[in-house]
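The values are calculated or read from the model by the stated rules, or taken from the named source; none is laboratory data. Predicted model, so just to flag it, every value in this text is computed and none were measured. Cβ placement follows ideal geometry from the backbone for every residue including glycine, while neighbour counts extend to all protein chains displayed.
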There are 2 protein chains.
Amino acid sequence: MLVNSRFDATDGTGRIFAHMTAVDKSDGTVGKALAVLDQIASYGRPVRFAELLGDSPLPKATLYRFVQTLTNQGMLQYDVERQTYAPGLRLVRLAHSAWAQASLAPVARPHIDALSHETGETVHLAQLDHAQVLYVDKRNARDPVEMFSQAGKVGPAYCTGVGKAMLAHLPEPELTTVLAQQSWHQFTPATHGSPESLRAELAEIRATGISFDREEHEIGIICVSAPILNSQNRPLGALSVTGTTRRTNLDALAQLGPRLQQAARAIARDAESWVFPQSAAPHTMSQGERPYVRSDA
Amino acid sequence: MLVNSRFDATDGTGRIFAHMTAVDKSDGTVGKALAVLDQIASYGRPVRFAELLGDSPLPKATLYRFVQTLTNQGMLQYDVERQTYAPGLRLVRLAHSAWAQASLAPVARPHIDALSHETGETVHLAQLDHAQVLYVDKRNARDPVEMFSQAGKVGPAYCTGVGKAMLAHLPEPELTTVLAQQSWHQFTPATHGSPESLRAELAEIRATGISFDREEHEIGIICVSAPILNSQNRPLGALSVTGTTRRTNLDALAQLGPRLQQAARAIARDAESWVFPQSAAPHTMSQGERPYVRSDA
DNA sequence: AACAAGGTTTCAAATAATGAAACCAGTTGC
DNA sequence: GCAACTGGTTTCATTATTTGAAACCTTGTT
């Protein structure tokens, strides 16, 4: 049984983004459970069981059991008062590991620190995750303009600077699948509306090695971005410097291009030679020492 | 089959902490899969299959299939080059939701901002998660927030200011179970070594409403902390202001006690009345639109 | 060339997931 | 006050998935 599904949800600020549930491929029970988890996360707010059920292809009893299991496991948190479910804190604990090990953030840290210091603007570090842009780190500009971006947040690939920078260097078979997964929602008049339109720009980006966001995702927000490429030219991530049209303009940002590329190259270099500190290794484990006690807090 | 297990791992800075895998309770296949995920996260570095197998109670084929499934699902990331597994980026995406919805961080934000501004010291916001302290936010006085570099870290409950503040207000049956899960590792000469020793201090903390870390976890690090209690006096979390013995002392920190308590009360009040912005709600879902494509990046 | 270690696949038996339907509150309407 | 809801929880025979010992590859080593 396949449980393919696509979510269109609005985030807190009202923007629409496509969210693919990484599901099925017949990954059995575990896959289905994780799909439920994804579904719950997609609402962006605590949800009641009934609402969940309405949106789910699963039968009542099945969904119920999954939600129970996930709650037991700390992957979901149940609010007795309001009778709602929300993603649980265990995820935060796990994400800390993921962030430290699977993302470019630890490697890139000194480089983006330097960049934000030099430019005084907001710097983003993003990676591609299931056809979407996942922001893994960020340095705020001096005056913190609250923006659609924080570590862990996702955004569309087809209309952001970092997204386009990475797409431009994606090898062909993959690019097609990824483009097919974009929502092509028209955020602003400047947003690309189709794969064809975007492909034209991607060629140019590939040539120059720099991409821009010309208010394609959000009016008043522009950015310049450079891809982080490994030695086989595969995009590992992308860096960007973002500004508002009030305070800067595309020409000014374009000046930062070379500096961005330099930082991107440095990160790529460091990433290849990066080895985890062996000191962090010592790991012992003893079994069955204590019973797990369900937290019913 | 129960898969109880306990990990003792050192984090990057060399501190030892007990890490309980929230497992079993016969949560079926999903529970076992999540245990594997926890195990992998516990190493703090990418691991090879063989090492995983050595530490796992599961038979080769079973563990193998779990790792495959989790990788397919983006919960793990496989490094083809080094043949290692690490927690995957999907967790970062999910954790963003969890952090925003299940933690006190969004509610507490303005309050801890104010606190760190006023004191100029490091402020922590923590919650209790499976007998451990989970830091959910932090203000570094200097640097801006870096989400998962700090949030998501876990620490021991029995020898930190925030941990003791929360334990002091835990109702009895629970307190006993939680105390039984502490490692009682002697980090410094001042570390409590047993439940009895700690219980004495907890009574005092309950009376004063303020707890201190007197270099119990790390030499040179002291802090003052206040619990965040809901209307039924249940600890939802704790706040702390941390300093080094070089720059400050316990008496100076004690002065901040009332201010901390005030902030804690404010957070508790806000948390009770907190309702998720309804605007974030609109959620639609359409099924079977696009196939999920495995990312073999 | 033979060996070893790490990783992957097979397949019948054992186990866990499934979901229709019954059940059990609270709530609302009359 | 009763009856019909609505939303949530449990049951249980059926069905499908997981399980794991063992065989099997594949790659690197002596």
* Can you name the condition, by its number, that B:GLY193 falls short on among (1) small (Gly, Ala, Ser); (2) within 21 Å of the chain's Cα centre (by Cα); (3) assigned to a loop (DSSP other than H, G, I, E, B)? -> (2)
* Just need a number here: residues in region A:83-98 that are out of contact with any strand residue (DSSP E or B) (no Cβ under 7 Å at 6 or more places or on another chain) and either under 26 Å from A:ALA263 (Cβ atoms) or modelled with pLDDT under 90 (or both). => 3
* Structure fact -> The correct count of residues that are touching a Gly at 6+ places or on another chain (Cβ under 8 Å) and without any contact (Cβ under 8 Å) to a residue 40 or more places away in the chain in region A:223-248 is 2
* Structure fact -> Among A:LEU37, A:LEU89, A:LEU128, the single one that is under 22 Å from B:LEU91 (Cβ atoms), within 21 Å of the chain's Cα centre (by Cα), in the same structural domain as A:THR242 (by TED's automatic domain parsing) and buried (at least 23 other Cβ atoms within 10 Å of the Cβ) is A:LEU128
* Structure fact -> Residue pairs within 7 Å by beta carbon, gap of at least six or interchain, first lying in region A:59-74 and within 6 Å of DNA strand C (Cβ to nearest atom), second in a helix (DSSP H, G or I), listed first then second, are A:LYS60/A:LEU53
* Asked: Within the set of pairs 6 or more residues apart or between chains, which connect a residue that is more than 14 Å from B:ALA98 (Cβ to Cβ) and within 16 Å of DNA strand C (Cβ to nearest atom) inside region A:81-93 to a residue that is aromatic (Phe, Trp, Tyr) and modelled with pLDDT of 90 or more with Cβ atoms less than 8 Å apart?
  -> A:GLN83/A:PHE49
* To do: Could you grab me the full set of residues in region B:29-45 that are within 12 Å of DNA strand C (Cβ to nearest atom), touching a helix residue (DSSP H, G or I) at 6+ places or on another chain (Cβ under 6 Å) and closer than 24 Å to A:TRP99 by Cα?
  => B:VAL30, B:ALA33
* What about B:CYS223, is it of a type in the set (A, V, I, L, M, F, W, C), buried (at least 24 other Cβ atoms within 10 Å of the Cβ) and assigned to a loop (DSSP other than H, G, I, E, B)? -> no
* How many of the residues in region B:40-50 are more than 7 Å from chain A (Cβ to nearest Cβ), of a type in the set (D, E, K, R) and buried (at least 16 other Cβ atoms within 10 Å of the Cβ)? -> 0
* Given the conditions (1) buried (at least 20 other Cβ atoms within 10 Å of the Cβ); (2) modelled with pLDDT of 90 or more; (3) among the hydrophobic types (A, V, I, L, M, F, W, C), and given that A:ALA151 satisfies all but one, which numbered condition is not satisfied? -> (2)
* Asked: How many of the residues making up region B:27-56 are farther than 22 Å from B:ARG82 by Cα and either more than 10 Å from DNA strand D (Cβ to nearest atom) or modelled with pLDDT under 90 (or both)?
  -> 4
